[in-house]
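Undergrad: One structure, pasted below without further comment.
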Amino acid sequence: MKKFKEFISEQSSKFVTVDYKIIQRDYKTDKPNLLITDFKIVTTESGKNKIKAKGYILTKQDGYKKAQAWVYFDDFKDDNTRIVYNKQFENGTKKIKVYL
């Protein structure tokens, strides 16, 4: 039982309800892989927007072949930009498991 409790404590995760403003989906499976909760538009041209954003991204976990986890990102702090299309702007709510 002690090993099980140690395993649970190593996996620092929690369920979070996210109110997103932009959702980016995988083209093959149509599952979401990027949820943006807050953003600022840098430039706009013909349906594409370059933005700085905060939100959650689905990434592969180290050590596991097919395990994926939602991780928080902040482009304002990291000084990155992302490109999103106008059709990806969609308000909604989703409950995800976030790894800290």
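Undergrad: Among Val98, Ala53, Thr37, flag the residue with its Cα farthest along the positive direction of the charge dipole of the stretch 12-99, charges on Cβ as +1 for Lys/Arg and -1 for Asp/Glu.
TA: Val98
Undergrad: From the cross-link list Lys14/Lys48; Lys40/Lys97; Lys14/Lys40; Lys60/Lys94; Lys28/Lys50; Lys48/Lys94, which pairs have alpha carbons spaced over 22 Å apart?
TA: Check vs 22 Å cut-off fails for Lys14/Lys48; Lys40/Lys97; Lys14/Lys40; Lys28/Lys50; Lys48/Lys94.
Undergrad: Continuing with this model, one more query. Percent relative contact order of the stretch 12-99, based on C-alpha pairs within less than 8 angstrom and at least six residues apart? Could you put the intermediate results ahead of the total?
TA: Details: 184 pairs, mean separation 32.3, N = 88.
Once normalised by length, the contact order is 37 percent.
Undergrad: Separate question: So what's the net charge close to Asn91: Lys and Arg +1, Asp and Glu -1, counting the other residues with Cβ under 10 Å from its Cβ?
TA: Numbers: positive: Lys21; negative: Asp19, Glu90.
After counting each charged neighbour, the total is -1.
Undergrad: May I ask you to list the chymotrypsin sites (Phe, Trp or Tyr not before Pro) in the stretch 50-100 that are in a DSSP loop and have at most 13 other Cβ atoms within 10 Å of their Cβ? Don't skip to the answer; put the middle values down first.
TA: Details: sites: Tyr56, Tyr64, Trp70, Tyr72, Phe73, Phe76, Tyr85, Phe89, Tyr99; in loops: Tyr64.
The qualifying sites are Tyr64.
Undergrad: Please state, as a whole number in µm²/s, the translational diffusion coefficient that the Stokes-Einstein equation yields for the stretch 43-100 at 37 °C and 0.692 mPa s, with Rh defined as the Kirkwood radius across alpha carbon pairs. Don't skip to the end; give the middle numbers.
TA: Details: Rh = 13.4 Å.
Translational diffusion coefficient: 245 µm²/s.
Every number here is computed from the coordinates shown, using simple stated rules; none is lab data. All of these numbers come straight from a predicted model, not from anything done at the bench. Please note: Cβ atoms are built from the backbone with ideal geometry, for glycine as well, and neighbour counts cover all protein chains shown.
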